[in-house]
């Protein structure tokens, strides 16, 4: 696979490490309690189709990216810096 | 019709005119006591044991494609009960005991072959961890042996002992482990269930779960609504998709695991070998193909296919471990969609919806669990109580903190 | 000899080769199959199940029958298709899967027993008695199964992998592929043209047609020459593109040296990963046969293959030149073979064609409305039975060509699980939707199989690709090619008694398909799996579509309703050696060496693999005969004097920024923001699920500057997770991270004399306990100006330091410390002694921090701050985690002579030793020179309140059972006085 790094262009996916659902950016506030953390840590939408997910450019510039990818076809629809996504959702 | 050597000979001499369908193709009835969603290995085994052990006759299995088209149709056929944790080991040992009697129980030769498995050891720390595991196996009534380097060498002289990046220092062996003919397992259960009155309905995709007042009423399908008192979902790979119809999110991600088979070769490898340090495991099928695999690709996928890096990684592992296989050719590669759970262990449990039951989260280890999974799920569906060996496979264990994490990898499915 | 004039081999040069030990001759340009046929050898192998004599049916990579073991010894390569094995001088090949000589295979008795081996028979028997499966039945089946044999020796050849990028990858160098490559190449696109054959031209070399008034093969050679001269075009012959992967990435294998007697200095094969913006699938088509009774004898071939042997190799395929040749065809294509043979003076019996209006192209007789209904000939065809108007007659025949139409090679177009679609006009499956993005099928692969059509379609495809790429096309003149007659009528198999093979290699007959139908194994996947159809090394290239048509006929459904099959990579078999890329032996994985590695080597250290690292395990001295002697001595030196150990492998992460303290508060379970400058604190990290994750130290070097250390194993993942926290969870914090694991060499200086030793290099730095107490840290210079960092931390429980210097000075520092410490008893110690020292002190390491344990279990529960949020804090309070009563304890044998073995399980005395009564396990153990006996650490239920109790350590795996006392995990200096002095 090739991942369109927003700063570096197309990079081979082998340079990256995969984490999973980009919802992991949305860590609950500590006072949200155990139930909210359980959902956050363990439950996933796991869609068959469009999936926003976190990739780490470990053999590269160390950026965490949010990649939008179709899990049925592996087509990649876009990628952005996770920190931009995190700042927006903060 | 009973299968036997005598019958095979008789039919051979009379032009094979006496063979009939292995199972019927019934039209779905309006309602059943129990519907099992998913005609893969676990669904078919569930139906078989529901009929055979729990006296349930009004049972249907709904399969969106063809029987056995789940991951039982795409795996590397290994059976073993070499687990560490008390939530797992008794269950898999129960499964092993069912394997050992499978053919006699189903009257179908699923070619259960107890040729053994050897997990290679490369470091002292790994030996300590395998000793802990081997002892856990023995304490649960399973067999296990710890081999030293020479013990491994005597059995597997063709491994790379002299120039290895990760030297072989021993192995954990389970002699009763082995392989089975994966399709044959599905067909044996299917035929046995059909003979006991279970309706196996192919080309029947579940498109919705009808739930009223918190209780399941039946399923919407591509062949119309079918009523049911209880619905058991056994659709590993698609668990999240199906359970989302009940509004549930699961502690599961779908990942692709590739597996590989070489061209047919004369007998070469007479056991199952796993090489954890190199992400590689291998056995040889009765037909002569080397059957091998490695890690999951690592990204969420429903595509049933993987990519080159893992293929190369697996081949590297194979060549590092046994350079004699180099001139064999890879014949076929395929990808299965795995239910990767958050602790690497499965779920067999009731759900918050009354009458809706879930069998899911098998990661890449579902094949070996097929008999026990079917038995335990049948037990739960029929009695509403978990089978004693599957009591830990609860859906709420994540929230309550009772994880069954063999690898200690935490809530990251692609590490299990 | 059945070699005639013409063809593309170099007749001026003769190559000698041996088949089954017998010597033959051929020419450069021959394949093993063409050379054998030229020598009148039709019999090349035996069938898989019934051991019937078999010969080549094809002239390409679809070959199901002519599989041989090529070469010998460690280079033996089983299951090699004679039809693609390039001839070289001295080639040696043997046929496979027979007992005794190929001509007199003793296992041919299976053919007589064939009624017993019907599809799926083994699922129905061999079940009684139960124990006989593994002992008797299965070994017999295994022995009979399999094709060729591996040598059992390591592959002696070298392999490589490489990466190539292009605008356009053209897969297949026939008419369509050459036309496409010419068009794209002339337009200036970066083009790679790959073909599995050793000569470009594809079917143009085989058909004997003309392009632009000249032999088509000449046109192909000129096109290839023009392409070879273009700097923007790369021709890759002997290269099979075997798989289409995501985002325009293709896997390909180049057979660099398979056509040579030995690779010499070359690699044998190279694995290429080709990344292409666009691709054209011009892989041609594969002819299918028509099953009829006994259609598997040597001498029965595909009609197109006969044409190929005739035109490309100048070989007729007969055993003797006088043998009559016949063609059985459902379309005009077969007639072309007959006409060409007749024109070359080969005796042609005629074309048997089921169509009432079958044509005649001249030079032979047409048997219209006729079928072949049987054959004779023990080791090769001698006669065929022709049925016409209800009358059967036997005709003498030594070579029969069969033509049932062509299947486009759509494989790569469906590697992404897009299903091919049935086209009734072409009577074939054509590439469908859902193919790999950017892949354009062209030519015969897209159903455009005539020469003129293929050329035009190649241009069309190139035009489409150039348009997508935004490259202006250059003019290409399409040369004129003759139109070939191509009418055909669906005709899938000859009905009747006897066995009619569909899948030659797996011995699947029409009867087997009928049986599968009767047994309700009708879905295509059931059919395949029940009969093993299409599962052989040829992946059913000549069988699958025909089988589908037969099943469709039986079910009364149309072919598209009956189904299709999915094609999976690889297109043809790929050697495991080349897939592994040549990284075998020690080169399997990279090896990381510590800065003092060379020094340790010079000291005669034993090394051990620790993840990717090699670390010094212990340093044997002359006279020490057992590793324990060395380890005990090293550990005692640390307790009594001073020891030196390279601990560079621990992860080091530099954390800087105004919010560094707050950031670390959130990453560590304990408080770090309050750490004073110049101090170090032990830190524990949790996973977000509340389990213990990693431990290490955190040193504050400045107001906004911390240095974090991690365990060796987690150095990479802790850094990754901290970056995740920084970028994704708390982007608002002012903090920056960098991994400095490789930048700093770090040496532990441990023992009561460590202060004195360090004072000798510390450039006047005040090391007194008052000025630099336990858990102090500082930046300083040593050895007269070398910048360094000093941490007063202890893993051993002794007065100890870790000193870090830039990595390139690590070895010099070690040498200096050893030299200056000689009088103090400075002793290097390795990972074994390190382990002994930490077990004696009760420190957790990998066996305790194994991802399954909690802070409380480790006795560190109080470190999890309840005052602040941190990763894992909330989830560590879950009932199941919080209520776990297992605690890390020390374990000592009641009888000091007994062993303490890690991996033993713990039980209360008298309790049944089973899963239900399991109370814990031993994580680590060693012989303690300090205690004088073995000691261990382990997790035990309610361990915190069981000090002094006796437990049983059960190790049934090794037949051992030992009584242990539960003791404090701190075997050495439990008050911690030593490390604070």
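Strictly greater than 11 Å: what percent of every Cα pair in the range C:276-321 meets that?
Result for the distance tail: 75 percent.
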Next on the checklist: Taking 60 Å as R0, compute the FRET efficiency from the Cβ-Cβ separation of residue C:141 and residue C:360 and round it to 0.05.
Outcome noted: 0.75
Checklist outcome for this item: Computed D for the range C:155-234, Stokes-Einstein, Kirkwood radius over alpha-carbon pairs, 10 °C, 1.306 mPa s, to the nearest µm² per second, is 118 µm²/s
Checklist outcome for this item: D (µm²/s, integer) via Stokes-Einstein for the protein assembly as shown, Kirkwood Rh across alpha-carbon pairs, 10 °C, 1.306 mPa s: value 46 µm²/s
Checklist entry - Where in the range C:1-27 is the amide nitrogen less than 18 Å from a point lying 7 Å along the Cα-to-Cβ axis of residue C:396? => result C:1
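Shape verdict for the range C:1-127, please, from the Cα gyration tensor: rounded (a/c under 1.5), prolate (a/b greater than b/c) or oblate.
prolate
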Next on the checklist: Need one number: nm distance between label points at residue C:23 and residue A:77, each 7 Å from Cα along Cα→Cβ, rounded to one decimal.
Outcome noted: 7.0 nm
Item to check | Percentage, to the nearest whole number, of Cα pairs in the range A:2-89 over 22 Å apart | outcome: 29 percent
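If I take R0 = 45 Å and measure r between the Cβ atoms of residue B:54 and residue B:154 in this structure, what FRET efficiency does the formula 1/(1 + (r/R0)^6) give, to the nearest 0.05?
Once rounded, the FRET efficiency stands at 0.45.
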Checklist entry - Between residue B:14 and residue B:225, what length comes free when the chain is fully extended (0.36 nm per residue of separation minus the Cα-Cα distance, one decimal in nm)? => result 71.5 nm
Checklist entry - Given the convex hull of the Cα atoms of the range B:103-236, what is a quarter of its surface area in nm²? => result 13.6 nm²
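List the equivalent ellipsoid semi-axes of the range C:414-510 in whole Å, largest first, each obtained as the square root of 5λ for an eigenvalue λ of the Cα gyration tensor.
In descending order, the three semi-axes are 35, 20, 10 Å.
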Checklist entry - Going highest first, how would you order A:40-47, C:166-173 by mean Cβ packing within 10 Å? => result C:166-173, A:40-47
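Please report, to one decimal in angstroms, the Kirkwood hydrodynamic radius of the range C:72-220 built from all distinct Cα-Cα pairs.
Here the Kirkwood hydrodynamic radius works out to 21.1 Å.
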Checklist entry - Among the DSSP beta bridges whose two residues both lie in the protein assembly as shown, what percent are antiparallel, rounded to the nearest 5? => result 75 percent
Next on the checklist: I'd like the orientation of helix B:308-321 relative to chain B: the angle between its Cα long axis and the longest Cα principal axis, in ° from 0 to 90, rounded to 10.
Outcome noted: 50 degrees
Checklist outcome for this item: Taking 0.36 nm per residue of separation between residue C:677 and residue C:822 and subtracting their Cα-Cα distance, the length gained on full extension comes to 48.8 nm
Checklist entry - Counting pairs of alpha carbon atoms under 8 Å apart in space and at least six apart in sequence, what relative contact order in percent does chain B give? => result 22 percent
Checklist entry - How many Cβ atoms of partner chains, on average, are near each residue of C:51-58 if near means within 10 Å of its Cβ? => result 0
Checklist entry - Mean residue ellipticity at 222 nm from the helices of the protein assembly as shown, using -39,500 (n - 2.57) per DSSP H segment of n ≥ 4 over the full residue count, to the nearest 500 deg cm²/dmol? => result -6500 deg cm²/dmol
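For a quick check: sort B:252, B:404 by the number of other beta carbons within 10 angstrom, fewest at the front.
In order of increasing Cβ crowding within 10 Å: B:404, B:252.
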Checklist entry - What do the square roots of 5 times the Cα gyration tensor eigenvalues come to for the range C:580-666, in whole Å, largest first, as semi-axes of the equivalent ellipsoid? => result 32, 25, 10
Checklist entry - Other chains near C:137-145: what is the mean number of their Cβ atoms within 10 Å of each residue's Cβ? => result 5
Next on the checklist: I'd like the FRET efficiency for residue C:740 and residue C:260, computed as 1/(1 + (r/R0)^6) with the beta carbon distance as r and R0 of 56 Å, rounded to 0.05.
Outcome noted: 0.65
Next on the checklist: With just the Cα atoms defining each centre, how far is the range C:932-981 from the range C:622-690? Give it in Å.
Outcome noted: 23 Å
Checklist entry - On the first, second and third principal axes, largest extent first, how far apart are the outermost C-alpha atoms of the range C:210-342 in Å? => result 48, 38, 36
Next on the checklist: Could you work out the percent of alpha carbon pairs in chain C separated by over 36 Å, rounded to a whole number?
Outcome noted: 63 percent
Checklist entry - For chain B, what number results from the quotient of the Cα radius of gyration and 2.2 N^0.38 Å? => result 0.98
Next on the checklist: Give me the one-decimal nm value for the distance between modelled label points at residue C:601 and residue C:786, 7 Å along each residue's Cα-to-Cβ direction.
Outcome noted: 2.0 nm
Checklist entry - Points 7 angstrom from Cα along the Cβ direction at residue C:879 and residue A:87: gap in nanometres? => result 4.4 nm
Item to check | Rounded tilt (10° steps) of C:332-343 against the dominant C-alpha axis of chain C | outcome: 70 degrees
Checklist outcome for this item: Here the range C:489-560 gives, from Cα atoms, an Rg and Dmax in Å of 11.0, 30
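Just for chain C, what percent of DSSP beta bridges are antiparallel, to the closest 5?
Once the DSSP bridges in chain C are tallied, antiparallel ones form about 75 percent.
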Item to check | Spin-label zone in the range C:402-434 - amide nitrogen under 13 Å from a point set 7 Å from the Cα of residue C:566 along the C-beta vector | outcome: C:414-420
Checklist outcome for this item: Length gained, residue C:425-residue C:869, 0.36 nm per residue minus C-alpha separation, equals 152.9 nm
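Please report B:1, C:521, B:245 as a ranked list, fewest other C-beta atoms within 10 angstrom at the top and most at the bottom.
Listing B:1, C:521, B:245 from fewest to most nearby Cβ atoms yields B:1, B:245, C:521.
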Item to check | Nearest 10 degrees, 0 to 90: helix C:831-841 Cα axis against chain C principal axis | outcome: 50 degrees
Checklist entry - Taking a spot 7 Å from the Cα of residue C:321 along the direction of its beta carbon, which residues of the range C:26-48 have an amide N less than 19 Å from it? => result C:26-27, C:35-42
Checklist entry - P(r) of the range B:201-247 in 5 Å steps, Cα pairs, percent per bin? => result 5, 21, 33, 29, 11, 2
Item to check | Ascending count of other beta-carbon atoms within 10 Å, so fewest first, for C:68, C:421 | outcome: C:421, C:68
Item to check | Compactness of the range C:842-981 - radius of gyration and Dmax, Cα, Å | outcome: 15.9, 49
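None of the figures in this text is laboratory data; all of them are computed from the coordinates on show. Note that the structure is predicted; figures quoted are calculated from it, not measured. So basically every Cβ, Gly included, is an ideal-geometry build from the backbone, and we count neighbours across all protein chains shown.
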